[in-house]
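As structure tokens, the structure follows; a few thoughts come after it.
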Protein chains: 2
Amino acid sequence: MTAAPGLTKNQSLVFDVLSRSDAPLSAYTILDKLRDHGFRAPLQVYRALDKLLERGMVHRLESLNAFVACAHQEKECCGGHGHGTVAFAICESCGHVVEFHEHAVDHRLDDWARERKFKPAKTTIEIRGLCEQCAA
Amino acid sequence: MTAAPGLTKNQSLVFDVLSRSDAPLSAYTILDKLRDHGFRAPLQVYRALDKLLERGMVHRLESLNAFVACAHQEKECCGGHGHGTVAFAICESCGHVVEFHEHAVDHRLDDWARERKFKPAKTTIEIRGLCEQCAA
DNA sequence: ATGACACACGTTATAGCATAACGCAATTGA
DNA sequence: TCAATTGCGTTATGCTATAACGTGTGTCAT
Ligand SMILES: [Zn+2]
Ligand SMILES: [Zn+2]
Ligand SMILES: [Zn+2]
Ligand SMILES: [Zn+2]
């Protein structure tokens, strides 16, 4: 029970499932895992996910249509959950995901945007490939 | 009629629709635009898209579940359609998409992967926000 | 030619991901 | 107390993508 502050019951349940998983989960997989806890419909999951995403406690992997718990501790370099752009390395064999920051990347993309007067709202960076274990 | 070499009829039709569009299109939108040309089922679109993606003539925007024609001319800096990682700036207001390379970003991500012995297969970089026009 | 193979195509059905719209209950804050 | 907000549960629907089947066509070695 990783009780978290300010979360409703459903939000806690969803966050818990994601925290325990060592691979990204789709909303429907989460739903299945929570049927015993009274979950019956996708919206219960999506509503919880929306709030968790708002708080930065969960990230969405766009290339997978799946979700992961944020891997950061509360007090990470860039301000913990208030972090800026985050990137993911996703193993297509074992499903393992590594979340990381690359300031140089962020800054370069920021520069690109500033030069073109583009106002970034959210940036997605996802590398799919094989992790060290699976690259054999 | 942007006739392209080595493409089947369906592939040409799909590529043409994407080339003419100034915003990304979903597979189902493409389907609707091609009903007059005999398209009846999603698979006709997806099969054509698969081949176009293989050739690098079309890109998939993961955060939008949509597709765009490659913006490069045949002989771009990184080798035209054989290009490496490409990035996109997507305006959430007008839908316009700019495709670009940032070598510094590519290299930094490559370094990250090499340090961790992660073997990248495909990298997604998408910046969502507001273009200069829409940022008003 | 004939057969074997690869590949595109068309169709139907199904699977997987996400939201609209309704109404109710609990909470908060004038 | 009243109104506003937020979360919740349910049903229905919409959007995205693929499975599985069969057909036709071209290539190429036999
Ligand atoms: Zn994070
Ligand atoms: Zn792996
Ligand atoms: Zn391109
Ligand atoms: Zn715009």
What do you reckon, is B:ASP36 exposed (fewer than 15 other Cβ atoms within 10 Å of the Cβ) and in contact (Cβ under 8 Å) with a residue 60 or more places away in the chain?
-> no
From (1) in a helix (DSSP H, G or I); (2) modelled with pLDDT under 95, pick out the condition that doesn't hold for A:MET1.
-> (1)
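Search the stretch A:108-129 for residues being basic (Lys, Arg) and facing chain B (nearest Cβ under 7 Å), and hand back the single one that is nearest to the chain's Cα centre (by Cα).
A:LYS122
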Of the numbered conditions (1) modelled with pLDDT of 95 or more; (2) within 14 Å of chain A (Cβ to nearest Cβ); (3) under 13 Å from the mean Cα position of the chain (by Cα); (4) buried (at least 16 other Cβ atoms within 10 Å of the Cβ), B:THR85 fails exactly one; give the number of that condition.
-> (1)
So B:SER63 clears everything in (1) modelled with pLDDT of 95 or more; (2) assigned to a helix (DSSP H, G or I) except one condition, right? Which one?
-> (2)
Out of (1) in a strand (DSSP E or B); (2) more than 14 Å from every other protein chain (Cβ to nearest Cβ), what's the single condition that is false for B:ASP22?
-> (1)
Kindly provide the set of residues from the stretch B:8-27 that are farther than 18 Å from B:ALA71 by Cβ and either surrounded by 12 or more Cβ atoms within 10 Å (Cβ to Cβ) or charged (D, E, K, R) (or both), ordered by number.
-> B:LYS9, B:ASN10, B:GLN11, B:SER12, B:LEU13, B:SER26, B:ALA27
Condition set within 16 Å of DNA strand C (Cβ to nearest atom) and more than 8 Å from chain B (Cβ to nearest Cβ), scope the stretch A:91-105, selection farthest from the chain's Cα centre (by Cα): answer is A:GLY95
From (1) touching a helix residue (DSSP H, G or I) at 6+ places or on another chain (Cβ under 9 Å); (2) modelled with pLDDT of 95 or more, pick out the condition that doesn't hold for A:GLU74.
-> (2)
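The values are calculated or read from the model by the stated rules, or taken from the named source; none is laboratory data. These numbers were taken from a predicted model, which means no experiment stands behind them. Neighbour counts are summed over all protein chains in view; Cβ atoms, including those assigned to glycine, are modelled from backbone coordinates with ideal geometry.
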